[in-house]
Amino acid sequence: MTVNAVGIYEKALPTGLTWEETFDLVHDLGFNFLEFSIDESDERLARLEWTEREREEFRNAMWKTGSRINTLMLSGHRRFPLGSADPAIRAKALDMMAKAIDLAVDLGVRNIQMAGYDVYYEPKTESSREWFIENLKTCVEMAAKKMVMLSIETMDDPFLNSLSKVDYLKTQIHSPFLQAYPDVGNLTAWPENDVAHEIESNIDNIVAVHLKDTKPVTANFPGQFKEVPFGDGTVDFEAVLRLFHRLGYNGSYTVEMWTSKADDPIAEVKKAKAYFDGLFDKIGIVQEPILSRAA
């Protein structure tokens, strides 16, 4: 029997809680784990500089509440990209990765999700592609030495918007520590993607899955990749989850959503969890039991 862990993205939860309160809330809402965010904000980038004491306090909160972090979501490279034309920014990007790997080791995180952008705020060039691949190779080498997985997210950007492109990237960087983290919303939004074929052809590279709804890219619309309520976009979640179940996928699923604009963030998360609970039950996907708080 296949059993899957189901997690919630950190940005779906209310801010201002202690870590212990946050982890308790994750379990109260029916999730197995929290997906930890290091985005491009100064506030979250500062986590890379956490002291030993801060790391210890975070670990203690996890252990006390019976929690874990399956994935560190490192989207800070959008601001400091590996493919930047500025060598100082590329150096900063590599330094960020080195610190993220050390933080992952200290917190017991096994997987770092990387945003698949060569550059985001700069023009894309053949050089930005080459710098990205060269520096990604360095990142993978750093991660492999400490047994941390790097997984590339399929993006809201044409540079790496399919599992096939991630698979081709793996022909340039040969390592079991470089894998794929599909966002089913992003995959679906690009009209050139045959979503079922993408997943079936690349299942051996998939280590985690984002559940997010989107609205598609068209000739007159750039697509909507964030803050689409589940069921309001065009992702066929039942079909996608049936496909993963048929293929025997037993990695984790993370519900990716944002609630900063919601009047009641917790109610929105409960609504999303109920939506996926119904689909999991219908398909026969068994969710990992919620661990109890340590005595």
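Considering only VAL255, VAL269, ILE199, the residue lying farthest towards the positive end of the dipole of the chain is ILE199, judged by Cα position with unit charges set on Cβ. Highest mean packing comes first when the peptides 20-27, 168-175 are listed by Cβ atoms within 10 Å, giving 20-27, 168-175.
Across the chain, C-alpha contacts under 8 Å between residues 6 or more apart give a mean separation that, scaled by the residue count, equals a relative contact order of 22 percent. Where a ≥ b ≥ c are the square roots of the eigenvalues of the C-alpha gyration tensor, would you call region 74-161 rounded, which needs a/c under 1.5, or, failing that, prolate if a/b is larger than b/c, or oblate? Here region 74-161 falls in the prolate category.
Within the same chain, aspartates and glutamates fewer than 8 places from LYS145 are excluded, and of the rest, those with a Cα less than 12 Å from its Cα are ASP102.
About the Cα centre, and with charges only on the beta carbon of Lys, Arg (+1) and Asp, Glu (-1), how big is the dipole of region 2-287? Nearest 20 debye, please. Display every interim value, and only then the final one.
Values: 31 positive and 46 negative charges, 99 e Å.
The calculation lands at about 480 debye.
Just list whichever of LYS64/LYS271; LYS165/LYS261; LYS165/LYS270; LYS99/LYS212; LYS92/LYS215 have alpha carbons separated by over 32 Å in the model shown. If you can, show how the numbers build up before the last one.
Details: LYS64/LYS271 27 Å; LYS165/LYS261 34 Å; LYS165/LYS270 34 Å; LYS99/LYS212 28 Å; LYS92/LYS215 34 Å.
Pairs exceeding 32 Å: LYS165/LYS261; LYS165/LYS270; LYS92/LYS215.
In region 2-287, carbon and sulfur make up what percent of the accessible area (probe 1.4 Å)? After summing per-atom areas, the C and S share lands at 51 percent. Charging the Cβ of each Asp and Glu at -1 and of each Lys and Arg at +1, and nothing else, the dipole of region 61-102 about its Cα centre rounds to 160 debye. Residues in region 92-107 carry Karplus couplings, in order, of 4, 4, 5, 5, 4, 5, 4, 5, 5, 5, 5, 5, 4, 4, 5, 9 Hz; the curve used is 6.51 cos²θ - 1.76 cosθ + 1.60 with θ = phi - 60°, and Gly or Pro positions show x.
The values are calculated or read from the model by the stated rules, or taken from the named source; none is laboratory data. On a predicted model such as this, the values are computed, not experimentally measured, just so you know. So basically every Cβ, Gly included, is an ideal-geometry build from the backbone, and we count neighbours across all protein chains shown. Protein only, heavy atoms only, side chains kept; ligands, DNA and RNA dropped before computing areas. Shrake-Rupley method; radii C 1.70, N 1.55, O 1.52, S 1.80 Å.
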